[in-house]
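The values are calculated or read from the model by the stated rules, or taken from the named source; none is laboratory data. Just so you know, these numbers come straight off a predicted model, no measurement behind them. Neighbour counts are summed over all protein chains in view; Cβ atoms, including those assigned to glycine, are modelled from backbone coordinates with ideal geometry. With ligands, DNA and RNA removed, areas are computed over all heavy atoms of the protein, side chains included. Shrake-Rupley method; radii C 1.70, N 1.55, O 1.52, S 1.80 Å.
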Amino acid sequence: MSATDHRPAAGVLLLCRAEPDRVRPSAQLLGKPLLLAPAGEDWSVLVPGAESWRDEGEELSVLTADWAHALTVAESWPVVGLWWDGAEAGFVVAAAFRRTVAHTWHADGTPPPGAEEAMTALRARLGLDPVLDGAALDRLIEPDADIDAPARALGLVAVLARAGLQLGAGLAPGTDAPLLREAAAALPATETVEWPGWRDALRAGLDESERGMLGAWTRGPRAKALGVAEIAAGVSVALCARRAGRRGWAAAGWALAADGVLTLAYDRWRERM
């Protein structure tokens, strides 16, 4: 029997409140091999494709918090990172620039300080029902030595299921990492996400940003028209202001013209990428 047969089951699930297409660019920037799968309407799940923490001696709680924070630092959707390692388990909730909040369930069932704050943050950032879901979350931090930590993590997944989370078969807290990867890989819509290199990562990030409200004005015919209009208006304002001796207006005109030049240059550069 090998030494690995005696190690406790450990694993991580990153539950993202967004569709896979929105999660993919941020997941690529982690620079780690990951498995990405849909997990219900407006939900995705990320499963680490390697167990580097076991070789590097990293704490799963810290690693999960780092990953969750990195996924959401430039996004509007939140991430719940679930981790378990032997008799302990926990979660972190990250959302944009808000402080990442963490909670750990201990083996003896005693809640650590800050448990209520963690549950409040989880409920608020995911938009859960403050009454029904709030009561269910409160039960997960009640002292009870007969309910182990992985079971409490499963209870959290059950609460999130009421908000639309649907994990595929085999993706459950308490499952060891190799089995998690096998289960994720067996799902029909799972894809492997890896670091694509700086050029492709930049292109993906720009494509995502251009899907927003201003996307039509940053590329294509509208961008060209806007750039030309800004240059024409900016030069006109600058020349008139210069003749009138109004330096402030002249500076504003040149700034507007410069923005038009940049708009045209950006549109042309993106066509070449």
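Return yes when Gly109 is closer than 17 Å to Arg152 by Cβ, part of a loop (DSSP other than H, G, I, E, B) and either in contact with a Lys or Arg (Cβ under 8 Å, 6 or more places away or on another chain) or open to solvent by less than 10 Å² (accessible area, probe 1.4 Å) (or both) and no when it is not.
On the way: closer than 17 Å to Arg152 by Cβ: yes; part of a loop (DSSP other than H, G, I, E, B): yes; either in contact with a Lys or Arg (Cβ under 8 Å, 6 or more places away or on another chain) or open to solvent by less than 10 Å² (accessible area, probe 1.4 Å) (or both): yes.
Taking the combined requirement at face value, the residue satisfies it.
Return the only residue of Ala145, Ala135, Ala124, Ala163 being touching a Leu at 6+ places or on another chain (Cβ under 8 Å) and either closer than 27 Å to Ala186 by Cβ or surrounded by fewer than 18 Cβ atoms within 10 Å (Cβ to Cβ) (or both). It would help to see each step written out before you state the result.
Numbers: Ala145 fails: touching a Leu at 6+ places or on another chain (Cβ under 8 Å); Ala135 fails: touching a Leu at 6+ places or on another chain (Cβ under 8 Å); Ala124 fails: touching a Leu at 6+ places or on another chain (Cβ under 8 Å).
After applying the criteria, what remains is Ala163.
Conditions first: (1) touching a strand residue (DSSP E or B) at 6+ places or on another chain (Cβ under 9 Å); (2) acidic (Asp, Glu); (3) assigned to a loop (DSSP other than H, G, I, E, B). Glu117 passes all but one, so which condition is the exception?
Of the numbered conditions (1) touching a strand residue (DSSP E or B) at 6+ places or on another chain (Cβ under 9 Å); (2) acidic (Asp, Glu); (3) assigned to a loop (DSSP other than H, G, I, E, B), the odd one out for Glu117 is (3).
Which condition from (1) open to solvent by 20 Å² or more (accessible area, probe 1.4 Å); (2) in contact (Cβ under 8 Å) with a residue 12 or more places away in the chain; (3) not basic (Lys, Arg) is the one that Pro188 breaks?
Only one criterion is unmet by Pro188, namely (2).
Quick one: is Glu51 modelled with pLDDT under 80 and of a type outside the set (Val, Ile, Thr)?
Working: modelled with pLDDT under 80: no; of a type outside the set (Val, Ile, Thr): yes.
No.
Report, by residue number, each residue of segment 86-100 that is under 12 Å from Ala65 (Cα atoms) and either open to solvent by 10 Å² or more (accessible area, probe 1.4 Å) or in contact with a Pro (Cβ under 7 Å, 6 or more places away or on another chain) (or both).
Within segment 86-100, the subset under 12 Å from Ala65 (Cα atoms) is 90-95, 99-100.
Across segment 86-100, the qualifying residues are Val93, Ala94, Ala95, Arg99, Thr100.
Name the residue, out of Ser61, Ser76, Ser26, that is part of a loop (DSSP other than H, G, I, E, B), of a type in the set (Ser, Thr, Tyr), closer than 30 Å to Arg162 by Cα and assigned by the TED database to the domain that holds Ala158. I'd like the intermediate steps shown before the answer.
Details: Ser61 fails: part of a loop (DSSP other than H, G, I, E, B); Ser26 fails: part of a loop (DSSP other than H, G, I, E, B).
Only one candidate passes the filter, namely Ser76.
Answer yes if at least one residue in segment 63-83 is without any contact (Cβ under 8 Å) to a residue 24 or more places away in the chain, open to solvent by 40 Å² or more (accessible area, probe 1.4 Å) and at negative phi, and no otherwise. Lay out the reasoning, then the answer.
Step one: list which residues in segment 63-83 are without any contact (Cβ under 8 Å) to a residue 24 or more places away in the chain, which gives 66, 76.
Imposing the further condition that a residue be open to solvent by 40 Å² or more (accessible area, probe 1.4 Å) reduces the set to 66, 76.
Checking which are at negative phi leaves us with 66, 76.
Within segment 63-83, one or more residues are without any contact (Cβ under 8 Å) to a residue 24 or more places away in the chain, open to solvent by 40 Å² or more (accessible area, probe 1.4 Å) and at negative phi.
If you go through segment 16-36 one residue at a time, do you hit one that is within 23 Å of Ala184 (Cα to Cα) and acidic (Asp, Glu)?
Taking every residue of segment 16-36 in turn, at least one turns out to be within 23 Å of Ala184 (Cα to Cα) and acidic (Asp, Glu).
Only one of these conditions is not met by Asp146: (1) among the charged types (D, E, K, R); (2) more than 27 Å from the chain's Cα centre (by Cα); (3) outside any loop (DSSP other than H, G, I, E, B). Which number is it?
Just one mismatch for Asp146, condition (3).
Restricting attention to segment 52-60, does a residue exist that is in contact (Cβ under 8 Å) with a residue 40 or more places away in the chain and of a type in the set (Gly, Ala, Ser)?
no
Residues that are within 27 Å of Ala27 (Cβ to Cβ) and of a type in the set (Asp, Glu): does segment 165-179 have at least one? If you could, list the steps in order and put the result at the bottom.
Filtering segment 165-179 for residues within 27 Å of Ala27 (Cβ to Cβ) gives 165-179.
Filter again for of a type in the set (Asp, Glu), leaving 176.
Among the residues of segment 165-179, at least one is within 27 Å of Ala27 (Cβ to Cβ) and of a type in the set (Asp, Glu), which makes the answer yes.
Looking only at segment 168-176, decide whether some residue is among the polar types (S, T, N, Q), in contact with a strand residue (DSSP E or B) (Cβ under 7 Å, 6 or more places away or on another chain) and part of a loop (DSSP other than H, G, I, E, B). Give the steps one after another, and end with the answer.
Keep residues of segment 168-176 that are among the polar types (S, T, N, Q), which gives 175.
If we keep only those that are in contact with a strand residue (DSSP E or B) (Cβ under 7 Å, 6 or more places away or on another chain) too, we end up with 175.
If we keep only those that are part of a loop (DSSP other than H, G, I, E, B) too, we end up with 175.
The answer is yes; a qualifying residue exists.
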